[in-house]
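Worksheet for the structure shown next.
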Amino acid sequence: MGEYRCDAWVGGDAQDSTMRTIGDRRSHSLYRFLFTVRQDASVSGFQQTISLVTLYAVVVGSLIIVPVNMIQDIRDGMVLLVATEIAYLVLMLCGVLLFWKTRRLWHFQVIFGAALFAMAISLIAMGGGLRGVGLLYVVAGYPVFFLLLGTRAGVALPLLVFFGMAIRLPLGGFDPRSFFQDESFARSYLLFLGGAALIGFVSVMIQNHMLKGLARSAYYDPVTGLYNRARAEESLRDAIRGVNVFPRSFSLLALKIHQFSRINSFHGSEEADEVLKEIGRRITAFCKNPALVSRFSGTVFLVILPQHEPDQIHQTAVELVRELQRPVLTGGRPATLQVNAITTRYPEDGRTTPRLLANLMGSIARLRPIGGQVVTFDEHTYRNEQTRYLMAAELRGAVAREELSLVYQPKISLVDARPCGAEVLVRWHSPTLGSVSPAVFIPLAEEIGVINEITRWVIATAALQLAESQQSAGNDGHRSRWNGLVHAINLSAVDLEDPQFAAFVANLPHETGIPPSAFEFEITEGVLVGDNPIIQASLDSIRATGYSLAVDDFGTGYSSLSYLSRIAIGNLKIDQSFVQQLTDESAQSPIIEAIIAMARSLRIAVTAEGVETAAQRSYLQRLGCEYAQGWLYAKPLPLNEYRAWITADRPHMDSTDSSPNSMN
Ligand code: C2E
Ligand code: MG
Ligand code: MG
């Protein structure tokens with residue numbers, strides 16, 4: 001996993017059962033203290049905040065208005081009403097205190113509802129009075145109460161008022177200041193109230209129905225019943241703002257199911273849905289409240305965890321992966337899942353929702369498609385990935401924008417110091433990224449599928465440049481220097497897997513006039529070891545056209561040498577890491593000796609790469625190594641410098657160091 005931490009499996013209990021008190025820990029901030037709410041399945045964070053604002057407003061309003069009324073009622077000797085008002089205030093305050101203790105909004109709502117019912121009954125029993133006006137507010141404001149109390153209480157309260165008054169009215173005996181002492185006014189008022197209540201009731205029911213439906217489709221995943229991505233993101237934003245019960249530092253855990261399409265294809269989509277439901281159930285059962293579980297996308301489940309200690313998070317992830325990888329029985333058949341977990345922490349790894357989610361998604365993109373990996377987000381790797389991503393976008397158009405160029409690193413014969421040709425190396429200068437090493441962009445080009453385009457460009461350009469060089473050398477009377485030179489071009493496995501590639505190189509001599517003997521293709525051992533029939537066919541065809549093949553970076557790849565008998569290799573290039581171990585003090589290497597001895601018995605020529613010192617050259621010469629390439633002779637050169645190098649006179653090349661003349 002590169003620099004990602006991908007640790008071993010460990011056991012132990014990862015759940016935190018003390019989370020009920022978490023809300024209290026953040027009491028240093030008044031906002032957090034007042035508005036921290038335990039996540040409620042059916043109400044959004046925003047709705048919860050609105051509900052709380054309204055409830056607090058009603059509490060504060062009651063604390064001002066009710067005592068004023070109470071003074072009046074005490075003066076009037078209305079004992080029942082005074083008792084109700086006291087009960088109302090006590091209940092309200094208990095509701096607030098209970099909410100602060102449990103952080104559950106519905107506790108507050110139930111007690112608040114009880115207080116209102118008590119108040120309404122008392123007002124009805126007393127026959128109104130000036131406080132009858134309060135009833136008007138109860139009824140007119142009931143859509144607000146609907147919001148606060150939920151549908152049942154929101155509907156029951158105005159009905160209670162309506163029927164209560166209808167029963168109470170014929171009994172008479174109203175307080176002199178009551179609305180209801182004027183009977184005709186009271187009747188028309190009740191009629192109006194009844195009509196309004198009915199219309200309001202119907203509208204509230206419809207609204208409620210619609211809202212519930214909307215909330216479900218907006219916030220829930222229809223398959224698993226878990227929160228969906230929108231709700232997960234909202235909860236995450238709330239957690240960052242500190243208005244739900246998550247601690248001020250928490251963590252995110254993404255669970256990625258690999259190859260789920262197989263379940264779909266071999267078990268059918270209905271069973272696949274059952275598997276997803278089971279996964280949702282297992283995660284929910286494992287991560288007890290207040291962890292928040294969501295199905296973030298098709299095969300990614302996201303959990304917001306209260307844990308923050310890296311070891312604790314890791315342990316939770318390991319156990320959860322193990323739990324999810326237990327076979328799921330579906331349609332009587334077991335389905336086994338490949339699950340990986342990725343974790344990231346707030347606030348260390350990111351302070352915003354997009355950033356935290358990007359951490360997880362970036363890590364998921366890097367996962368190998370096998371299960372059981374538990375990966376901890378790492379900033380450094382993320383940055384590298386980001387650079388690679390940007391680079392990939394730039395690389396796609398690099399050939400078309402003519403940002404590539406070629407350099408030639410001369411190769412000489414160690415026998416007679418004669419130039420034998422060069423290795424053709426590609427260079428990329430991006431206007432945005434600057435010069436990028438081929439060791440970086442070639443593997444990336446292979447990964448994103450642009451290597452074929454690059455290789456064809458390299459081959460075609462090298463052929464054209466060589467044809468041009470030969471022609472101009474002919475004009476200058478140096479034609480003979482170019483005779484017999486071999487130019488080596490690097491190929492990647494992806495090139496050889498392209499069935500059209502062999503035809504492309506077979507066509508080249510016709511198009512450029514350069515004979516196949518002027519080119520050699522370098523292939524690394526890894527490509528040759530696997531017995532991929534397409535690669536084998538490409539190599540056979542390339543050889544049949546007349547090109548020669550070289551094994552690049554020999555000795556670094558694989559222990560198997562069986563490919564040497566299968567593929568006609570003309571040249572082994574000893575990897576520069578072996579050559580560079582030859583120091584001035586101790587210029588000898590059993591590995592190089594073994595390679596040269598083996599190549600000689602197989603009649604394969606040997607080239608030493610990365611020759612930098614005279615001591616290395618002498619040692620290689622003594623062993624009978626045929627060719628050398630390295631900074632001792634020349635660095636990779638742009639075409640014009642390479643042409644000059646070929647035509648320059650250097651009679652004592654084998655004994656005199658020529659200084660590198662370019663730094664490509
Ligand atoms: P390679 O094929 O093994 O190329 C040799 C690398 O060693 C070149 O690095 C070269 O500049 C470097 N080198 C040569 N002599 C010395 C020396 O004396 N000392 C040291 N320290 N280094 C020396 P470069 O050009 O950065 O290329 C890196 C790799 O990128 C190449 O390794 C090859 O695998 C790949 N590559 C370069 N051009 C192409 C290309 O056109 N196609 C493909 N498929 N791969 C390419
Ligand atoms: Mg090479
Ligand atoms: Mg090499």
Inset, instruction - Using a 10 Å cut-off on Cβ atoms, rank the peptides 376-383, 211-218 from the highest mean neighbour count down. - result: 376-383, 211-218
Inset, instruction - Please list the non-local residues whose amide H lies under 5 Å from the amide H of Val606, H modeled 1.01 Å from N, same-chain partners needing a gap of 5 or more. - result: Leu572, Glu626, Tyr627
Inset, instruction - For a quick protection proxy, order the peptides 250-258, 235-243, 59-67, 395-403 by their average other-Cβ count within 10 Å, most packed first. - result: 250-258, 235-243, 395-403, 59-67
Legend entry - Cα gyration tensor shape of the stretch 242-305, rounded if a/c is under 1.5, else prolate or oblate by comparing a/b with b/c: prolate
Inset, instruction - Would you mind putting 485-496, 410-421 in packing order, based on average other-beta-carbon counts within 10 Å, highest first? - result: 485-496, 410-421
Inset, instruction - State in Å² the accessible area per residue of the stretch 391-663; use a 1.4 Å probe, count heavy atoms of protein chains only, and round to the nearest integer. - result: 44
Legend entry - Two-site label geometry, Ile64 and Ser269: point separation in nm, points 7 Å out along Cα→Cβ: 5.8
Inset, instruction - Report the net charge of residues surrounding Gly474, where surrounding means a beta-carbon distance below 15 angstrom and charges are Lys +1, Arg +1, Asp -1, Glu -1. - result: +1
Inset, instruction - On the protein heavy atoms, probe 1.4 angstrom, tell me the percent of accessible surface of the stretch 229-377 carried by carbon and sulfur. - result: 51
Inset, instruction - Obtain the radius of gyration and the Kirkwood radius of the stretch 267-382 from its C-alpha atoms and give Rg over Rh. - result: 0.97
Inset, instruction - Could you give the size of the charge dipole of the stretch 391-663 about its Cα centre, using +1 on the Cβ of each K and R and -1 on the Cβ of each D and E, expressed in debye and rounded to the nearest 20? - result: 600
Inset, instruction - Can you work out the accessible area per residue across the stretch 198-324, with the rest of the protein chains kept in place, probe 1.4 Å, in square angstrom? - result: 43
Inset, instruction - Determine, from the Cβ-Cβ distance of Thr545 and Asn384 and an R0 of 56 Å, the FRET efficiency 1/(1 + (r/R0)^6), rounded to the nearest 0.05. - result: 0.90
Legend entry - Per-pair calculated FRET efficiency, R0 = 56 Å: Asp76 and Ala218 via Cβ, rounded to 0.05: 0.65
Inset, instruction - Please list the equivalent ellipsoid semi-axes of the stretch 359-426, computed as the square roots of five times the alpha-carbon gyration tensor eigenvalues, in descending order and whole angstrom. - result: 41, 19, 10
Legend entry - From phi via Karplus (6.51, -1.76, 1.60), per-residue ³J(HN,Hα) for the stretch 268-279 in Hz, x at Gly/Pro: x, 5, 5, 5, 4, 4, 4, 4, 4, 4, 5, 4
Legend entry - Förster-model FRET efficiency, 41 Å R0, Ala365 and Leu464, C-beta, rounded to 0.05: 0.60
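The values are calculated or read from the model by the stated rules, or taken from the named source; none is laboratory data. Please read these numbers as outputs of a predicted model, since none were measured by experiment. So basically every Cβ, Gly included, is an ideal-geometry build from the backbone, and we count neighbours across all protein chains shown. SASA here: full protein model, heavy atoms, side chains in, ligands and nucleic acids out. Shrake-Rupley method; radii C 1.70, N 1.55, O 1.52, S 1.80 Å.
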